[in-house]
1. Against the definition (within 21 Å of residue A:69 (Cβ to Cβ), surrounded by fewer than 19 Cβ atoms within 10 Å (Cβ to Cβ), at pLDDT below 90 and in contact with a helix residue (DSSP H, G or I) (Cβ under 6 Å, 6 or more places away or on another chain)), how does residue B:20 come out, yes or no?
2. The conditions are (1) surrounded by fewer than 21 Cβ atoms within 10 Å (Cβ to Cβ); (2) in contact (Cβ under 8 Å) with a residue 40 or more places away in the chain, and residue B:100 fails exactly one of them. Which is it?
3. State which residue is farthest from the other protein chains (Cβ to nearest Cβ) when the search covers only the range A:35-54 and only residues that are farther than 17 Å from residue A:14 by Cβ and either at pLDDT below 90 or surrounded by fewer than 19 Cβ atoms within 10 Å (Cβ to Cβ) (or both).
4. Quick check on my filter: what residues within the range A:16-31 are in contact (Cβ under 8 Å) with a residue 12 or more places away in the chain, over 12 Å from residue B:24 (Cβ atoms) and in a helix (DSSP H, G or I)?
5. Please verify whether the range A:5-24 includes one or more residues that are over 19 Å from residue B:12 (Cβ atoms) and under 15 Å from the mean Cα position of the chain (by Cα).
6. Which one of these is buried (at least 19 other Cβ atoms within 10 Å of the Cβ) and either touching a residue at least 40 places away in the same chain (Cβ under 8 Å) or in contact with a strand residue (DSSP E or B) (Cβ under 9 Å, 6 or more places away or on another chain) (or both): B:27, B:40, B:45?
7. Return the pair list, or none, for Cβ contacts closer than 9 Å from residues in the range A:150-166 that are more than 7 Å from chain B (Cβ to nearest Cβ) and more than 15 Å from residue B:71 (Cβ to Cβ) to residues that are surrounded by 17 or more Cβ atoms within 10 Å (Cβ to Cβ) and at pLDDT 95 or above, at least 6 apart or on different chains.
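The values are calculated or read from the model by the stated rules, or taken from the named source; none is laboratory data. This one's a predicted model, so the numbers in the text were calculated from it and none came from an experiment. With ideal geometry, Cβ positions are generated from the backbone for all residues, glycine too; neighbour counts draw on all protein chains shown.
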């Protein structure tokens, strides 16, 4: 019962947030709606017995990525910038019969693929539900045994991203003639 | 109610929303919002298949690495966007036509 309430709430927040990101006119609002959508995804992880993933999602996205995005929006002109408006009205090639027919064809193909995948997924024999237990200990064991190469590579990736972001974003003066 | 196809449908909606954001918006930061939505859709699929199909936590590991890579990608991408804004005074995607100016 509690699972179902959490699932429905998280699903509504996730899909509503994603749709609001698409249809919001203000980029700052879109970023906050993205935050809501990521919270919903964390709730979905909680319904999937993935407690460590839910915590990581909240820490990394809500604490890091969305704040970074908000700072980037504010540093690049904020909401006064004209390209922060919804871009689809600016494209002159859209809105005629050709694009609508192409969109209809794409919708038919996508719905066919989705129906096929969902039918197969429903036909898969679901094993018994996992018991509610903490996954942190098992995940830690897997990270340093089976997946240790990917773990170390991700640390190198993070170091490279840190140094690279600092190098790219540093202000360069003209007299430096880099 | 809580079955695999419902999670796949939610992930599908997230993916399509991210795709529409990436195609329709002309702001580079907004395009990165779309990338985040798409990466979340992929990570959600891994976690859902882990619970309902194979149950050996490898999907959780891959979701974890997706989150790590998304964070690194956001840091580097936003650095590039800020540098681009310093050079071009614009963040319209159609202004980004040269690798080196």
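1. On the way: within 21 Å of residue A:69 (Cβ to Cβ): yes; surrounded by fewer than 19 Cβ atoms within 10 Å (Cβ to Cβ): yes; at pLDDT below 90: yes; in contact with a helix residue (DSSP H, G or I) (Cβ under 6 Å, 6 or more places away or on another chain): yes.
For residue B:20, the condition - within 21 Å of residue A:69 (Cβ to Cβ), surrounded by fewer than 19 Cβ atoms within 10 Å (Cβ to Cβ), at pLDDT below 90 and in contact with a helix residue (DSSP H, G or I) (Cβ under 6 Å, 6 or more places away or on another chain) - is met.
2. Result: residue B:100 passes all but (2).
3. Residues of the range A:35-54 farther than 17 Å from residue A:14 by Cβ: A:49, A:51-52.
Still in the list and also either at pLDDT below 90 or surrounded by fewer than 19 Cβ atoms within 10 Å (Cβ to Cβ) (or both): A:49, A:51.
Numbers: A:49: 6, A:51: 10 Å.
Among residues in the range A:35-54 that are farther than 17 Å from residue A:14 by Cβ and either at pLDDT below 90 or surrounded by fewer than 19 Cβ atoms within 10 Å (Cβ to Cβ) (or both), the one farthest from the other protein chains (Cβ to nearest Cβ) is A:51.
4. Listed by number, the residues that qualify are A:16, A:17, A:18, A:20, A:27, A:28, A:31.
5. Taking every residue of the range A:5-24 in turn, none turns out to be over 19 Å from residue B:12 (Cβ atoms) and under 15 Å from the mean Cα position of the chain (by Cα).
6. Values: B:40 fails: either touching a residue at least 40 places away in the same chain (Cβ under 8 Å) or in contact with a strand residue (DSSP E or B) (Cβ under 9 Å, 6 or more places away or on another chain) (or both); B:45 fails: either touching a residue at least 40 places away in the same chain (Cβ under 8 Å) or in contact with a strand residue (DSSP E or B) (Cβ under 9 Å, 6 or more places away or on another chain) (or both).
Of the residues listed, the single one that is buried (at least 19 other Cβ atoms within 10 Å of the Cβ) and either touching a residue at least 40 places away in the same chain (Cβ under 8 Å) or in contact with a strand residue (DSSP E or B) (Cβ under 9 Å, 6 or more places away or on another chain) (or both) is B:27.
7. none
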